[in-house]
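In what follows, a structure is listed as structure tokens, so that the remarks can point back to it.
The values are calculated or read from the model by the stated rules, or taken from the named source; none is laboratory data. As the structure is a computational prediction, the values presented were derived from the model and not from experiment. When we count neighbours, we look across all protein chains shown, and the Cβ atoms used for this are built from the backbone with ideal geometry, even at glycine. The accessibility values were calculated without ligands, DNA or RNA, using every heavy atom of the protein model including side chains. Shrake-Rupley method; radii C 1.70, N 1.55, O 1.52, S 1.80 Å.
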Amino acid sequence: MKVYKKIMFVMLLALVASSALSVFAEQASAALSYHGTISIDNPSVAQDASYTLILTNNGTDRLLNATITVPQGIADITNLAVTPSAWTVHHEEIDQISYIYLTQTADGLNNGDSITVTFNAVNPRMTGTYRWVINGVDINGTTGPEVDIVDVLLIRITTMVPVFILLGIAFGVSLLSLVFNRLLISHFIGWEQYQVMRKETSEFQKAQMAAARANDQKQIEKLKRKQTQINNMQAKMMKTSLLQFVFMIVPWLLWGFVLIPTFGETSLAYLPGLGGIPMFWVYFPLSFFASTIGQRILGLNPIEPR
């Protein structure tokens, strides 16, 4: 029993000691304490914006300098300014990570005082929240903790203009493709004849499938006699299809010289659970939609006569 009491006494003593050390550690670390807030006048993706960052000393030690880690994606930082004038500010990029450095050679920042930093930058191309981090040093050279800026910066989609621009481009490319298609058909085959050939080919294929499913050998033999004629029709229509591949270089040129340099990975749409959707995945459904509208409403693609 005595051994048991000794063990319990030692455990209780250790618990009290560890709790005391934790309290003293928190009090010691509180000597250098700071927090920051950040605001932006234009939170739209890939747009120019003005940033205002406020750093406040809420510890007992005076803050002599601070390093602010800029989130990746924020680019072209310019027009850096800081108040009060006793502080200096500059920006550097190291290993593709941007830092803003705040320094002072005088008395440092007293408890309750603040520094205001303003600058211009280009917002990230992708929607989401972006984490800013502060590391401070007091007048004794002691480095403080890594602290997140309080207001997490949210970059989002604030306009539908880029999507409408993409839709207009998709309609333009689709219209050119359909017009080119019809001109080829009219020149090499004839529009009316092409429609008749499409109808006969479609009906032949349906009849073949029906005869095969029914195992109707008589009908299969009858269709075989017409196979050569259908093959000739398909070969004639295939010539125009091959020529249409020449036009396929236009979308690739559009991608390489217009869309990618303009939009890149910019988020143009947002899906819950997936986040920002870049131009690459937005353009294809828009292009399909434009092509379908062109075929059905504008009547530029061959439609089988009813």
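Brief remarks follow.
- Relative contact order (%) - the chain, alpha-carbon pairs under 8 angstrom, separation at least six: 18 percent
- Considering only N232, S287, W255, the residue lying farthest towards the positive end of the dipole of the chain is N232, judged by Cα position with unit charges set on Cβ.
- √(5λ) per eigenvalue of the Cα gyration tensor, the range 181-295, largest first, Å: 42, 21, 11
- Backbone HN-Hα couplings from phi across the range 167-179 [Karplus 6.51/-1.76/1.60, Hz, Gly and Pro as x]: 4, x, 5, 4, 5, x, 5, 4, 4, 4, 5, 5, 5
- Reachable aspartates and glutamates from K236, criterion Cα separation under 20 angstrom, eight or more residues apart if same chain: E192, E200, E203, E304
- Here the Karplus curve 6.51 cos²θ - 1.76 cosθ + 1.60, taken at θ = phi - 60°, turns the phi angles of the range 184-199 into couplings of 4, 5, 5, 6, 8, 10, x, 5, 5, 5, 4, 4, 5, 5, 4, 5 Hz, with x standing for Gly and Pro.
- Rounded to whole Hz, the Karplus (6.51, -1.76, 1.60) HN-Hα couplings of the range 86-103, x for glycine and proline: 5, 9, 10, 9, 8, 10, 9, 10, 10, 6, 6, 10, 8, 10, 10, 10, 10, 9
- Using the Cα coordinates of the range 96-157, the gyration tensor eigenvalues translate into equivalent-ellipsoid semi-axes of 28, 13, 12 Å, sorted from longest to shortest.
- Alpha-carbon centroids, the range 196-245 and the range 63-131: separation in whole Å: 71 Å
- Pairwise centroid distance, computed over Cα atoms, of the range 146-194 with the range 248-293, Å: 7 Å
- The heavy atoms of V150 offer some 90 square angstrom of accessible surface to a 1.4 angstrom probe.
- I220 contributes about 40 Å² of solvent-accessible surface, heavy atoms of the protein only, 1.4 Å probe.
- Dipole check for the chain: with +1 at the C-beta of Lys and Arg, -1 at the C-beta of Asp and Glu, and the Cα centre as origin, the magnitude is about 2640 Debye.
- Sulfur and carbon atoms: percent of accessible area, the chain [1.4 Å]: 61 percent
- Near the amide H of S33, within less than 5 Å, lie the amide hydrogens of N58, G59, T60, D61, all on another chain or at least 5 residues away, with H placed in the peptide plane.
- Based on the Kirkwood approach, the hydrodynamic radius assigned to the range 172-227 is 13.4 Å, with every pair of different Cα atoms included.
- Convex hull per residue volume in Å³, alpha carbons only, for the chain: 272 Å³
- Per residue solvent-accessible surface (Å²) - the range 55-168, probe of 1.4 Å: 52 Å²
- Helix-only mean residue ellipticity at 222 nm for the chain, each DSSP H run of n ≥ 4 adding -39500 (n - 2.57), per residue, nearest 500: -15000 deg cm²/dmol
- Dipole of the range 126-248 [Lys/Arg +1, Asp/Glu -1 at C-beta], most positive-end residue of L176, F164, G136: L176
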